[in-house]
There are 2 protein chains.
Amino acid sequence: MAGTTSVTTSRHGLALRVESRLERCQEIHFARDVLGTDNPLVAECLGGRDALVVFSPSIDRFYGRRIRTYFAAQRPDASTEFMVLARTEESKTIDAALSVAERACTAGLSRTSPIVAIGGGVCSDICGVAAALYRRGTPHVNIPTTLIGLVDAGIGTKNAVNHAGRKSCLGSFHPPEHVILDGGFLATLPRRSIAGGFAEIIKLATVSDRALFDVLTDHAATALRSKFREPEWAASKMIDMAVRGMIDQLAENLFEIRDYRRKVDFGHTFSPYFETASHHTLSHGEAVAIDIALSAEIAARVGLVTGHELEAILSLIEAVGLALVWPGTSVCDLWRSLQSIVEHRNGDLHLVVPSSIGNCEYLELGALSPQVLDSCLERLAHRPRSHCGRRRAG
Amino acid sequence: MAGTTSVTTSRHGLALRVESRLERCQEIHFARDVLGTDNPLVAECLGGRDALVVFSPSIDRFYGRRIRTYFAAQRPDASTEFMVLARTEESKTIDAALSVAERACTAGLSRTSPIVAIGGGVCSDICGVAAALYRRGTPHVNIPTTLIGLVDAGIGTKNAVNHAGRKSCLGSFHPPEHVILDGGFLATLPRRSIAGGFAEIIKLATVSDRALFDVLTDHAATALRSKFREPEWAASKMIDMAVRGMIDQLAENLFEIRDYRRKVDFGHTFSPYFETASHHTLSHGEAVAIDIALSAEIAARVGLVTGHELEAILSLIEAVGLALVWPGTSVCDLWRSLQSIVEHRNGDLHLVVPSSIGNCEYLELGALSPQVLDSCLERLAHRPRSHCGRRRAG
């Protein structure tokens with residue numbers, strides 16, 4: 001936070017120029033057993049400030065008692081308000097964010113008191129938007145409880161809700177003050193949710209981290225089966241590497257002011273179409289996996305990855321129980337969705353595709369056509385080993 | 001915009017620290033006849049970008065045709081969408097901001113396309129909140145058409161709407177990219193609106209600019225009568241000095257991160273009570289004037305201003321047709337409103353009061369009591385020359 005002013009004159013007359021700089025600091029803690037009544041981490045992050053703690057009904061079912069006990073034990077002198085918020089991706093709306101802000105208002109939260117989200121990406125998005133708006137910005141703290149939250153949605157600087165039929169139409173860049181990562185929450189997650197989270201880790205590994213890709217190839221299936229309890233070192237390592245990789249990528253362009261060329265957008269060009277067209281029967285992670293498969297197939301077609309590398313990527317997706325194709329795909333609609341992206345990006349597509357494993361290139365619309373998409377989708381659908389993917393799809 | 005990351009270890013284990021810096025630039029142009037079809041300023045500020053231009057029904061009545069003609073003439077190649085938005089302070093709601101964002105969405109506005117507010121403080125607040133939210137932040141441009149907009153509401157970094165019964169409950173610090181100031185719009189304003197705007201100029205002059213106070217003393221009444229057409233030099237000078245003074249004050253603490261000690265809060269401690277208690281029959285500026293009078297009376301009581309200085313302040317308020325008291329005042333409720341401010345500011349009140357003319361001091365709750373407020377209000381109500389004020393009040 002700072003501002004400088006200068007007075008300039010142009011041919012239109014006098015002008016004042018005010019330059020401002022808003023500085024933020026976000027701390028990401030790697031932790032264990034954060035709800036243990038003898039673990040002061042969460043309480044120390046909140047300090048003596050009042051707080052509003054928001055979580056979903058399923059978190060309430062599994063952890064509600066421990067959460068309440070924790071805050072009572074660790075913060076006897078500060079006021080902690082609890083709010084159970086039932087939301088899904090489809091109801092990730094501004095109304096949900098407003099209901100959190102209203103609760104903050106009723107609880108009398110000051111401008112420096114944090115809103116704490118314990119949950120998945122939907123919960124952190126809603127709470128992030130609420131925190132950005134409430135009294136022009138109150139701090140927020142994320143405690144992700146899903147794999148996608150741990151490695152992606154919970155650690156970034158941006159939040160959004162859907163509006164007017166448009167995904168992430170409204171939101172803000174309002175970095176969380178603290179993010180507290182505890183893989184222990186994964187033990188109570190449905191396997192399908194963990195699989196979806198793996199899509200984001202595979203995304204990152206494929207375009208930016210060969211070493212992580214190798215760890216995934218060797219251990220992802222076991223970690224999925226054991227819900228990140230086994231092999232312990234590999235489970236920790238995957239989260240650790242994914243978080244660091246994600247932060248390294250985001251840090252270069254935290255407010256997305258530069259351009260649209262971002263490695264972390266791999267898997268996120270076709271996926272909004274799949275999510276929407278499937279009426280959210282495909283989760284975000286499942287749609288990302290299908291996008292990764294299609295993008296990798298395109299990369300192979302233009303010679304950026306070998307058949308062997310393509311096989312490694314597709315096999316990894318299948319190894320964590322994710323589909324490579326969605327049988328409901330309309331090539332026409334998929335192509336139209338690309339055209340609409342290009343329109344919104346002033347003519348740029350910047351489709352991220354792998355270039356060998358651990359690197360990437362950006363393709364523009366001219367490199368693609370409905371025919372190319374169709375033939376890539378065909379190859380994926382009729383891939384000898386893709387039966388597992390096809391069976392789960394749709 | 002930039003980010004740096006560092007890895008630290010604490011007694012709780014490993015932590016990643018992400019520091020980010022968001023840089024903004026706001027240009028404030030002093031201009032004339034900005035809707036003249038040969039004046040390229042507004043068009044140049046927008047560049048070739050599409051834009052959504054929002055204004056009130058009254059602006060539409062007086063300037064609608066000129067606005068549409070201007071954009072057609074100066075921006076033949078860019079798409080300009082127009083939206084007429086009927087709002088008052090009471091309906092300055094998140095729904096209004098959402099309706100602007102929805103229109104931006106329908107118009108297909110990209111993340112770099114600006115939302116332009118032509119109007120008073122309510123219009124710029126609503127559009128500012130819409131711009132902050134739409135696609136996580138799109139630029140906005142303010143063309144204030146009221147005196148309060150020109151010298152205060154339109155030039156700051158912050159925007160807000162009322163929610164859950166709380167004034168400015170939701171909002172953001174999202175500085176406008178350009179502010180275009182043209183005093184010519186004042187010619188079509190009701191005199192009461194201009195008088196309200198004077199309250200903000202008197203506020204600034206009283207606590208930070210003795211020279212501006214003297215210009216006001218000599219010329220404010222004439223400027224009010226002539227709607228800023230006469231005396232021309234003094235009318236320009238008042239706006240110019242007020243804007244520069246305001247920006248100098250704001251620039252020190254643009255995002256209000258430091259503390260609550262801000263000179264520009266003079267006149268804004270009691271005024272929310274007056275606005276709310278009068279059910280907005282008092283305008284913002286009228287409430288600010290009453291706050292200034294009370295704060296000055298308190299300052300005289302504790303010896304910070306002389307009787308002569310107090311008289312100069314009160315006479316200036318009356319000279320622009322503003323009241324010094326509101327007959328509906330409940331001392332009890334006024335006192336309670338102070339206590340609630342103190343609660344929200346962690347025990348601080350920081351009531352700004354003049355200390356001679358052109359300087360200020362901050363008083364805390366301990367320096368006040370219901371009895372002190374009551375006796376100050378009594379003195380104001382029975383002041384020999386306050387008949388003009390009392391007649392207008394309520």
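Might you report the magnitude of the Cβ-based charge dipole of chain A about its Cα centre, with Lys and Arg at +1 and Asp and Glu at -1, to the nearest 20 debye? Provide the component values of the computation, followed by the final result.
On the way: 42 positive and 44 negative charges, 116 e Å.
Approximately 560 debye in magnitude.
Please check: in the Gaussian network model of chain A (C-alpha springs, under 10 Å), which one of A:N162, A:N253, A:N346 has the largest mean-square fluctuation.
Comparing A:N162, A:N253, A:N346 in a Gaussian network model of chain A, the most mobile one is A:N346.
Given a Förster distance of 30 Å, report the FRET efficiency between B:H279 and B:D374 from their Cβ-Cβ distance, rounded to the nearest 0.05.
Details: r = 23 Å, r/R0 = 0.76.
Once the sixth-power term is evaluated, E becomes 0.85.
Ordering B:W326, A:W233 by how much accessible area each has at a 1.4 Å probe, largest first, what is the list? Numbers along the way, then the final one.
Working: B:W326 35, A:W233 150 Å².
These residues rank, largest area first, as A:W233, B:W326.
Quick one: with all protein chains in place, what share of the accessible area of segment A:256-319 is carbon or sulfur, to the nearest percent (1.4 Å probe)?
Details: 1260 of 2230 Å².
Carbon plus sulfur share of accessible area: 57 percent.
With 20 Å as the cut-off, how large is the P(r) tail for segment A:190-343, expressed as percent of Cα-Cα pairs? Before the final figure, lay out each step's value.
Details: 5923 of 11781 pairs.
The answer is 50 percent, as a whole percent.
What are the residues whose amide H is under 5 Å from the amide H of B:F82, where those residues sit 5 or more places off or on another chain and H is modelled from the backbone?
Placed amide hydrogens put B:V53 under 5 Å from B:F82.
Tell me, what HN-Hα J-couplings in whole Hz come from the Karplus equation 6.51 cos²θ - 1.76 cosθ + 1.60 at θ = phi - 60° for each residue of segment A:36-41, using x for Gly and Pro?
Using θ = phi - 60°, the values come out as x, 5, 9, 9, x, 3 Hz.
After finding the eigenvalues of the alpha carbon gyration tensor for chain A, what semi-axes result from the square roots of 5 times each, listed largest first in whole Å?
Working: eigenvalues 250, 160, 70 Å².
Each semi-axis is the square root of five times an eigenvalue, giving 35, 28, 19 Å.
Kyte-Doolittle mean at least 1.6 and Cα extent at least 15 Å along the axis: which DSSP H helices of chain B qualify? Present the calculation step by step, with values, prior to reporting the outcome.
Numbers: long enough: B:57-74 (23 Å, -0.72); B:94-106 (18 Å, 0.71); B:121-133 (18 Å, 1.69); B:191-208 (26 Å, 0.57); B:210-225 (23 Å, 0.31); B:232-251 (28 Å, 0.27); B:284-301 (25 Å, 0.72); B:307-319 (17 Å, 0.70); B:331-344 (20 Å, 0.16); B:370-381 (16 Å, 0.21).
Long hydrophobic helices here: B:121-133.
Which is farthest toward the positive dipole end of segment A:274-344 among A:W335, A:H308, A:S295, measuring Cα position about the Cα centre, with Cβ charges +1 (Lys, Arg) and -1 (Asp, Glu)?
The residue sitting most towards the positive pole is A:W335.
Count neighbours as other Cβ atoms within 10 Å of each site's Cβ, and list the GluC sites (Glu not before Pro) in segment B:331-374 that are DSSP loop with at most 12 such neighbours.
Details: sites: B:E343, B:E361, B:E364; in loops: B:E364.
Answer by residue number: B:E364.
Protein chains only, probe 1.4 Å: how do B:D214, B:D125, A:D38 rank by accessible area, largest first?
Reading off the accessible areas and sorting them downward yields A:D38, B:D214, B:D125.
Under the rule of at least 5 residues apart or a separate chain, name every residue whose amide H is placed under 5 Å from the amide H of A:D209.
Here the answer is A:G358, since their amide H atoms fall under 5 Å of that of A:D209.
Taking springs between alpha-carbon atoms closer than 10 angstrom, which of B:R383, B:R136, B:R17 fluctuates most in the Gaussian network model of chain B?
B:R17
Take B:T8, B:T146 and sort them by solvent-accessible surface of the protein heavy atoms, 1.4 Å probe, largest at the top.
On the way: B:T8 60, B:T146 25 Å².
The ranking, largest first, comes out as B:T8, B:T146.
How high is the relative contact order of chain A, in percent, counting Cα pairs under 8 Å that sit 6 or more residues apart?
On the way: 705 pairs, mean separation 49.8, N = 394.
For chain A, the relative contact order is 13 percent.
Along Cα-to-Cβ, 7 Å out, sits the label point; list in nm, shortest first, how far the one on B:H279 is from those in the other copies.
Its label point is 4.8 nm from the equivalent points in the other copies.
Suppose we compare each residue of segment A:147-182 in its chain alone and in the full protein complex with a 1.4 Å probe; which ones drop by at least 40 Å² of accessible area?
A:H163, A:R166, A:C169, A:L170, A:G171, A:F173
Taking springs between alpha-carbon atoms closer than 10 angstrom, which of B:F213, B:F198, B:F62 fluctuates most in the Gaussian network model of chain B?
Taking springs between Cα atoms under 10 Å, the residue moving most is B:F62.
Please report the residue of chain A with the smallest beta-carbon distance to the A-to-B rotation axis, and give that distance in Å, no decimals.
A:L22, 2
Determine the dipole magnitude for segment B:68-179: charges of +1 sit on the beta-carbon of Lys and Arg, -1 on that of Asp and Glu, nothing else is charged, the reference point is the Cα centre, and the result goes in debye to the nearest 20. The partial results should precede the final answer.
Numbers: 11 positive and 9 negative charges, 39 e Å.
For this selection, approximately 180 debye.
Under a 5 Å amide H to amide H cut-off, with H placed in plane at 1.01 Å, what residues pair with A:L14 once short-range neighbours are removed?
Under 5 Å from the amide H of A:L14: B:F30.
Once phi is turned into θ = phi - 60°, what whole-Hz ³J(HN,Hα) does the Karplus curve with 6.51, -1.76 and 1.60 give for every residue of segment A:148-158, x standing for Gly and Pro?
So the Karplus estimates, Gly and Pro as x, are 5, x, 5, 9, 9, 4, x, 9, x, 9, 10 Hz.
Looking at segment B:207-300, which trypsin sites (Lys or Arg not before Pro) are in a loop (DSSP not H, G, I, E or B) and have at most 11 other Cβ atoms within 10 Å?
Numbers: sites: B:R210, B:R225, B:K227, B:R229, B:K237, B:R244, B:R258, B:R261, B:R262, B:K263; in loops: B:K227, B:R229, B:R258, B:R261, B:R262.
Here the sparse-neighbourhood loop sites are B:R258.
Through the Karplus equation 6.51 cos²θ - 1.76 cosθ + 1.60, θ set to phi - 60°, convert the phi angles of segment B:134-147 into ³J(HN,Hα) values in whole Hz; use x for Gly and Pro.
Values, residue by residue: 4, 6, 6, x, 10, x, 9, 10, 10, 10, x, 10, 10, 5 Hz.
Roughly how many nanometres apart are two label points built 7 Å out from the Cα toward the Cβ at B:D77 and B:E23?
2.9
Which residue, A:H219, A:P40, A:G165, has the largest displacement toward the positive end of the dipole of chain A when charges sit on each Cβ (Lys, Arg +1; Asp, Glu -1)?
A:G165
So, in nm, how far is label B:T88 from label A:R336 when the simple model puts each one 7 Å beyond its Cα toward the Cβ?
Taking the simple label geometry, B:T88 and A:R336 are separated by 4.5 nm.
If you count only protein heavy atoms and use a 1.4 Å probe, how large is the accessible surface of A:T281, to the nearest 10 Å²?
The value for A:T281 is about 90 Å².
Kindly give the distances from A:D95 to its copy-mates, label point to label point, with each label point 7 Å from Cα along Cα→Cβ, as nm values to one decimal ordered shortest first.
Distances to the matching label points in the other copies: 1.3 nm.
Translational D (Stokes-Einstein, µm²/s) of the protein assembly as shown at 20 °C and 1.002 mPa s when Rh comes from the Kirkwood sum over C-alpha pairs?
For these conditions, the coefficient is 76 µm²/s.
Run the numbers for A:R345 and A:R191: contour at 0.36 nm per residue of separation, minus the present Cα-Cα distance, in nm.
Values: separation 154, 0.36 × 154 = 55.44 nm, distance 3.61 nm.
Length difference between fully extended and current span is 51.8 nm.
If you restrict to DSSP beta bridges whose two residues both lie in chain B, what percentage is antiparallel, to the nearest 5?
On the way: 18 of 38 bridges.
Roughly 45 percent of the DSSP beta bridges within chain B come out antiparallel.
Tell me the accessible surface of A:I118 in square angstrom (1.4 angstrom probe, heavy atoms of protein chains only), to the nearest ten.
0
Can you give the extra length, in nm with one decimal, that the chain gains between B:S110 and B:T37 once fully stretched, where that is 0.36 nm per residue apart less the Cα-Cα distance? Could you put the intermediate results ahead of the total?
Values: separation 73, 0.36 × 73 = 26.28 nm, distance 2.63 nm.
Computed gain between B:S110 and B:T37 is 23.6 nm.
Using a 7 Å offset from Cα along the direction of the beta-carbon, what are the separations from A:S236 to the same position in each other copy, nm, ascending?
7.1
Could you check the spin-label model distance between A:S6 and A:R261? Points 7 Å from the Cα along Cα→Cβ, value in nm.
Distance between the two pseudo-spin positions: 2.9 nm.
The values are calculated or read from the model by the stated rules, or taken from the named source; none is laboratory data. As the structure is a prediction and not an experimental result, all values here were calculated from the model. Heads up, the Cβs are rebuilt from the backbone with ideal geometry, glycines too, and the neighbour counts pull from every protein chain shown. Accessible surface is based on the protein model in full, side chains and every heavy atom, while ligands, DNA and RNA are left aside. Shrake-Rupley method; radii C 1.70, N 1.55, O 1.52, S 1.80 Å.
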